[in-house]
Amino acid sequence: MLDDSLKQILRTPGLILWLTGAGVSAESGIPTFRGKEGYWQVGSRNYQPEEMATWAAFQEMPDEVWAWYLYRRGVCRGAEPNVAHRALAKAEERGGDRFLLVTQNVDGLHLRAGNTLDRTYQIHGNIDFMRCSNECLPAPVPMPQGIDVAWEKGRPVTDCELQALRCPSCGAPARPHVLWFDESYDEANFRFESAIDAAKQATLLIVVGTTGATSLPMHIGTITVQRGIPMLVVNPEPNPFSALVARTRSGAFLQGTAGQWVPQLVATLPGR
Ligand code: OAD
């Protein structure tokens, strides 16, 4: 049950900004980013995400990097949106332009649940899309037909598949449409400036299922704290966002899962 002070916060007029991370998809069966499933074996060596998810690795071993992403894409495609994703779709339906979602998840589950691309900033990309490695395309393109969607872990990419994973315009190798560790956020691919603007305009920030390990999400948290707006944090574990709430005493840390809290929060939000 939500107490009266929480209900009061949720009735704040203005833009409600939601920020989600891997935890919101955990109850759909997608391992969180730093879970055991994250590593990838090449020969006898285990690569960690911080090594595989890089432009440098793609330059050195594009087939291995593609195999890792195609495997992860299969996991995402095999998952279904859960109650928290569905509640967030309802929040957009009811909130209209008072709703904005910034997600670090590349699994596309928010969009599959019904959130729109207009009001969902996928700041780390979407695993179901690829783009030209020479950046010649105006926008990412969907993965080509014929690429296996149920990728077995460890299965290598064939030459035929690598041929399909090319830019449809210039023929250069295509790359997964995700932000890599040795790259920077930008507006064209990742809505960087738009996400910052949202943090400057929001009247409430609700952070769900993220460790706060990447720079833009923490920046969003810091901007809202500096502006003195309240923050609600949903997570089974304390994290840097809940520490911000504790320090500022503005908002609340709601310890628990996305599935426990998000539907309740959305049910309490006012309509447009
Ligand atoms: P992490 O794997 O770092 O963290 C997942 C968070 O979800 C943790 O804080 C968990 O406590 C929490 N969690 C687990 N189960 C949950 C549940 N059922 N409900 C709510 N929360 C739950 O994932 P992210 O924080 O999303 O970036 O990682 C952020 C970014 O780090 C990723 O997008 C990725 C990585 O670097 C890039 O690849 C650029």
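Among the residues of the range 186-211, which ones are touching a residue at least 40 places away in the same chain (Cβ under 8 Å), touching a helix residue (DSSP H, G or I) at 6+ places or on another chain (Cβ under 7 Å) and part of a loop (DSSP other than H, G, I, E, B)?
Result: A202, G209, T210.
Only residues that are in a helix (DSSP H, G or I), surrounded by 14 or more Cβ atoms within 10 Å (Cβ to Cβ) and not polar (S, T, N, Q): list them for the range 250-272, please.
Answer for the range 250-272, where residues must be in a helix (DSSP H, G or I), surrounded by 14 or more Cβ atoms within 10 Å (Cβ to Cβ) and not polar (S, T, N, Q): A258, G259, W261, V262, P263, L265, V266.
Would you tally the residues in the range 212-222 being without any contact (Cβ under 8 Å) to a residue 24 or more places away in the chain and at positive phi?
Total satisfying the criteria: 0.
Among the listed residues A113, A164, identify the single one that is of a type outside the set (F, W, Y), without any contact (Cβ under 8 Å) to a residue 40 or more places away in the chain and in the same structural domain as T211 (by TED's automatic domain parsing).
Details: A164 fails: in the same structural domain as T211 (by TED's automatic domain parsing).
Matching residue, one of A113, A164: A113.
Scanning for something in the same structural domain as V207 (by TED's automatic domain parsing), touching a Pro at 6+ places or on another chain (Cβ under 9 Å) and more than 16 Å from the ligand (Cβ to nearest atom), does the range 47-67 turn up at least one residue?
The answer is no; no qualifying residue exists.
Counting just the residues of the range 223-238 that are closer than 18 Å to V102 by Cα and within 16 Å of the ligand (Cβ to nearest atom), which one comes out most open to solvent (accessible area, probe 1.4 Å)? Even if it seems obvious, please write down each step before you answer.
Within the range 223-238, the subset closer than 18 Å to V102 by Cα is 223-225, 229-235.
If we keep only those that are within 16 Å of the ligand (Cβ to nearest atom) too, we end up with 231-235.
Working: M231: 4, L232: 0, V233: 1, V234: 2, N235: 19 Å².
Ranking the candidates gives N235 first.
Regarding I30, is this residue crowded, with 19+ Cβ neighbours inside 10 Å, among the β-branched types (V, I, T) and over 15 Å from the mean Cα position of the chain (by Cα)?
Answer is no for this residue.
Within the range 53-62, restricting attention to residues that are of a type outside the set (V, I, T) and over 15 Å from P156 (Cβ atoms), which residue is nearest to the chain's Cα centre (by Cα)? It would help to see each step written out before you state the result.
Here is the first cut: in the range 53-62, the ones of a type outside the set (V, I, T) are 53, 55-62.
Those still in the list that are over 15 Å from P156 (Cβ atoms) too: 53, 55-60.
Working: A53: 15, W55: 19, A56: 22, A57: 22, F58: 21, Q59: 24, E60: 26 Å.
Only one residue fits best here, namely A53.
Being away from the ligand (no atom under 13 Å from the Cβ) and crowded, with 16+ Cβ neighbours inside 10 Å: is that true of L6 here? Spell out how you get there, then give the answer.
On the way: away from the ligand (no atom under 13 Å from the Cβ): yes; crowded, with 16+ Cβ neighbours inside 10 Å: yes.
Answer is yes for this residue.
Scanning the range 200-220 for residues that are surrounded by fewer than 23 Cβ atoms within 10 Å (Cβ to Cβ) and small (G, A, S), which turns out nearest to T268 (Cα to Cα)? Lay out the reasoning, then the answer.
Looking only at the range 200-220, we keep the residues that are surrounded by fewer than 23 Cβ atoms within 10 Å (Cβ to Cβ), and these are 200-201, 203-204, 211-216, 218-219.
Now narrow it down to the ones that are small (G, A, S): 212-213, 215.
Values: G212: 26, A213: 29, S215: 30 Å.
In this case the residue turns out to be G212.
Considering each residue of the range 159-189, count those that are polar (S, T, N, Q) and surrounded by 14 or more Cβ atoms within 10 Å (Cβ to Cβ), and give that number. Explain how you work it out, then say what you get.
We begin by selecting, within the range 159-189, every residue polar (S, T, N, Q); these are 163, 169, 184, 189.
Within this subset, residues satisfying the condition of being surrounded by 14 or more Cβ atoms within 10 Å (Cβ to Cβ) are 189.
Qualifying residue count for the region: 1.
Filter the range 33-60 down to the residues that are surrounded by 14 or more Cβ atoms within 10 Å (Cβ to Cβ), under 22 Å from S184 (Cα atoms) and at pLDDT below 95 and list them by number.
Within the range 33-60, F33, G38, Y47, P49, E51, M52, A53 qualify.
The values are calculated or read from the model by the stated rules, or taken from the named source; none is laboratory data. Note that the coordinates shown come from a computational prediction; the quantities given were computed from them, not determined experimentally. Quick reminder, even Gly has a Cβ in these numbers, built from the backbone with ideal geometry, and neighbours come from all protein chains shown. Accessible surface is based on the protein model in full, side chains and every heavy atom, while ligands, DNA and RNA are left aside. Shrake-Rupley method; radii C 1.70, N 1.55, O 1.52, S 1.80 Å.
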